[in-house]
Structures are given as structure tokens and as C-alpha cells.
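A.B. asks: To start, I am sharing the structure in question, which I have written as C-alpha cells.
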């Protein structure tokens with residue numbers, strides 16, 4: 001297996017959107033194919049707070065994944081470097097006041113992207129192991145959440161939620177999905193207050209935001225979005241390998257070639273190692 005490479009099976013339509021926008025889309029955990037990943041505990045639907053992008057580190061082609069995710073094996077498999085995102089120093093916009101900042105921290109999302117109209121992306125991704133890693137296949141995802149999450153009542157009477165190893169929770173799946181050998185990126189997103197023009201350093205905002213974030217989680221408030229787009233590094237697109245599906249039609253092949261020519265001319269197109277070995281349905 002080549003070192004530090006990841007693979008994603010998808011349709012030609014999705015390839016077109018990825019290349020045109022130069023983003024990878026993270027979807028909510030309550031939208032993935034394994035329903036049991038979106039766990040509800042202590043009254044909180046955690047599936048709407050985790051956003052994921054799903055890959056594998058397995059170089060050998062997977063017939064089940066071709067069949068499940070590439071529209072009858074007529075799509076593509078993307079191959080990219082292990083961390084394909086456009087990391088850049090995280091710096092507050094000049095118009096934002098009241099924020100002290102020293103040094104640089106690389107981030108796949110800008111300050112503005114972290115704070116949406118109704119949500120805040122909690123920057124757990126500062127630690128690479130929290131942002132991405134292999135999925136763990138377990139007998140019960142529900143038990144993993146139950147061991148990790150608890151509600152506590154403080155002496156003041158306030159209710160708080162304690163979560164152990166929070167970044168690892170969305171990297172658990174049922175054992176039946178072990179064939180995917182999945183490698184997953186994840187983000188944790190909470191409902192936020194509208195960002196004032198002067199930024200999060202504004203006094204009224206800064207005084208309320210911490211309590212608002214924690215209380216919104218306790219109250220199971222929806223963050224108001226179904227996906228987040230994360231920019232790709234231009235160098236990753238230059239290193240992109242697109243492998244066409246084993247049953248890819250001549251028309252789809254032509255579409256892939258046109259997309260690569262226009263949006264990623266340095267990328268490489270490959271034929272599937274399974275081409276000619278799988279009979280199309282109905283033939």
C-alpha cells in the first residue's frame with residue numbers, strides 16, 4: 001500500500017462538483033448510510049453535530065464499494081494525499097476587534113468559515129489525530145456513546161454534559177461495515193449566535209457565546225446546516241488520481257477526461273484493475 005494515500009468511491013457527478021468547487025463536502029452523521037452511527041444519548045441527537053468525510057486507506061479495489069457508491073460501478077475512485085486540505089494560518093480578519101493573537105496555527109477552515117450564520121465549528125482539528133483516523137468497528141456503537149457521555153448537575157443547579165474522547169465518537173461503526181476499512185475526517189459543530197460585524201471579541205457576544213454553545217447542546221438545538229465544504233489544497237489536486245469504474249461507459253469516460261482537462265490538468269486518469277472481469281447486470 002502506498003504510504004499516506006486515501007481513496008474515495010463516488011459518482012462522476014460528485015467528481016465534477018469536487019473539481020469545480022475545489023472542496024470536499026462533509027455531511028452530517030445522521031445522513032450517512034449506517035443509521036446506527038447517529039446516536040441519541042441523554043436527550044441529545046449527536047448525529048446532527050458531527051460532520052464527516054469518508055475514505056479508505058485500502059489501495060486494492062473494493063467491489064462492494066464500487067457497487068455501493070459509484071452508481072453501478074460506472075463512477076470513479078479518487079486517490080489523494082492523506083491530508084488533502086488547504087491548511088493556512090488561522091488569523092482573525094482585520095475588521096474584528098478585541099481578539100488577542102500570537103503566532104500562527106494552521107487550519108483547514110478560515111476564521112470566517114468557523115463561524116457560520118447559525119453554527120460554530122469547534123476547532124478540534126488543531127490536533128491531526130482528532131481530525132482524522134481509521135474507523136473502529138465495534139459490536140455496539142450505542143455502548144461506546146453510553147460509556148463516553150454523561151449529564152452532570154453542578155452544585156449551583158446548572159446542568160452540564162461531560163464527553164470523554166469526543167473527537168473519537170464519530171469514528172465508530174458497527175462490525176457489519178468492516179469491509180469498508182474506512183478512514184474518516186470529522187468536524188464537531190454547535191449552534192451559535194449570529195456573529196456581530198466586529199467579530200467574536202464584541203463584549204455582548206463574548207459574554208454570551210460560551211454558555212450559549214453548551215446550553216444549545218444540552219437542549220438538542222439543531223445547528224441549521226446539513227453539510228460543510230472544506231477547501232482542498234491546490235497541490236492535492238495536482239496529485240489527484242482518478243480511477244474509472246470497472247463498468248464505466250465510454251460516455252462517462254469522456255466526461256471524466258473533460259473534467260480533468262478543465263479543472264485538474266495535472267491529475268492522472270487510470271482504468272480499473274477489475275475492468276473486463278465483471279459482467280454488467282442483465283447481460
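A.B. asks: For residue 151 and residue 68 in one chain, what is 0.36 nm times their gap in residues minus the Cα-Cα distance, to one decimal in nm?
C.D. replies: That pair, residue 151 and residue 68, stretches by 26.1 nm at full extension.
A.B. asks: For a label point 7 Å from the Cα of residue 106 along Cα→C-beta, name the residues of the range 67-99 whose backbone N is under 20 Å from it.
C.D. replies: Taking a point 7 Å out along Cα→Cβ of residue 106, the residues of the range 67-99 whose backbone N falls under 20 Å are 80-92.
A.B. asks: Sticking with this one: Normalising by the residue count of the chain, find the relative contact order in percent from Cα pairs under 8 Å and 6+ residues apart.
C.D. replies: 28
A.B. asks: Another question about this same structure. What residue among 233, 104, 13 shows peak mean-square fluctuation when the chain is described by a Gaussian network model with Cα springs under 10 Å?
C.D. replies: Result: 104 has the largest fluctuation of those listed.
A.B. asks: Per residue of the chain, what 222 nm ellipticity follows from adding -39500 (n - 2.57) for every DSSP H run with n ≥ 4, rounded to the nearest 500?
C.D. replies: After summing the helix terms and dividing by residue count, I get -6500 deg cm²/dmol.
A.B. asks: Can you give the extra length, in nm with one decimal, that the chain gains between residue 13 and residue 35 once fully stretched, where that is 0.36 nm per residue apart less the Cα-Cα distance?
C.D. replies: That pair, residue 13 and residue 35, stretches by 5.5 nm at full extension.
A.B. asks: Rounded to two decimals, what is the ratio between the C-alpha radius of gyration of the range 5-271 and 2.2 N^0.38 Å?
C.D. replies: The reported ratio for this selection is 1.10.
A.B. asks: Still on this model: Hey, with R₀ at 35 Å, roughly what FRET efficiency would residue 222 and residue 61 work out to, going by the Cβ-Cβ distance, to 0.05?
C.D. replies: E between residue 222 and residue 61, to the nearest 0.05, is 0.40.
A.B. asks: Right, next: Please work out, to two decimal places, the log10 of the ratio I(q)/I(0) at q = 0.09, 0.10, 0.12 Å⁻¹ from a Debye calculation in which every Cα of the range 132-283 carries one identical scatterer.
C.D. replies: For the range 132-283 at q = 0.09, 0.10, 0.12 Å⁻¹, log10 I(q)/I(0) is -0.58, -0.68, -0.87.
A.B. asks: Next up: Could you work out which residue, out of 105, 149, 209, moves most in a Gaussian network model of the chain, that is, has the largest mean-square fluctuation with Cα springs under 10 Å?
C.D. replies: 105
A.B. asks: Quick check of the Kirkwood formula: for the range 4-136, what is the inverse mean of 1/r over all pairs of different Cα atoms, in Å?
C.D. replies: Across the range 4-136, the inverse of the average 1/r is 17.3 Å.
A.B. asks: Normalised by the empirical 2.2 N^0.38 Å for globular proteins, what value does the Cα Rg of the range 1-47 take?
C.D. replies: 1.60
A.B. asks: Expressed as a fraction of 2.2 N^0.38 Å, the rule-of-thumb size for a compact globular protein of N residues, what is the C-alpha radius of gyration of the range 129-204?
C.D. replies: Against the compact-globule rule of thumb, the ratio is 1.52.
A.B. asks: While we're here: Expressed in nm to one decimal, what extension gain is obtained for the pair residue 257 and residue 203 from 0.36 nm per residue of sequence separation less their Cα-Cα distance?
C.D. replies: Net length gain for the segment: 14.1 nm.
A.B. asks: Still on this structure, please answer the following. If you average the alpha carbon positions of the range 118-158 and of the range 223-275, how far apart do those two centres end up, in angstrom?
C.D. replies: If we compute the Cα centre of each part, the gap is 33 Å.
A.B. asks: Quick one: Kirkwood hydrodynamic radius for the range 112-164, alpha-carbon pairs, angstrom, one decimal?
C.D. replies: 14.4 Å is the Kirkwood radius here.
A.B. asks: May I pose another question? Arrange the following residues from fewest to most other Cβ atoms within 10 Å of their Cβ: 96, 177.
C.D. replies: Lowest to highest Cβ neighbour count: 177, 96.
A.B. asks: Return 173, 20 ranked ascending by Cβ neighbour count within 10 Å, so the fewest neighbours appear first.
C.D. replies: The fewest-first ordering by Cβ neighbours comes to 20, 173.
A.B. asks: Here's another thing I want to ask about it. Between residue 275 and residue 91, what is the label-to-label distance in nm when each label sits 7 Å out along the Cα-to-Cβ direction?
C.D. replies: Here the modelled spin labels are 4.6 nm apart.
Bear in mind these aren't lab numbers, they're just calculated from the coordinates by the rules spelled out. The model shown is predicted, which means the values in this text are computed figures rather than measured ones. A quick note on method: Cβ atoms are made from the backbone with ideal geometry, for glycine too, and the neighbour counts reach across all protein chains shown.
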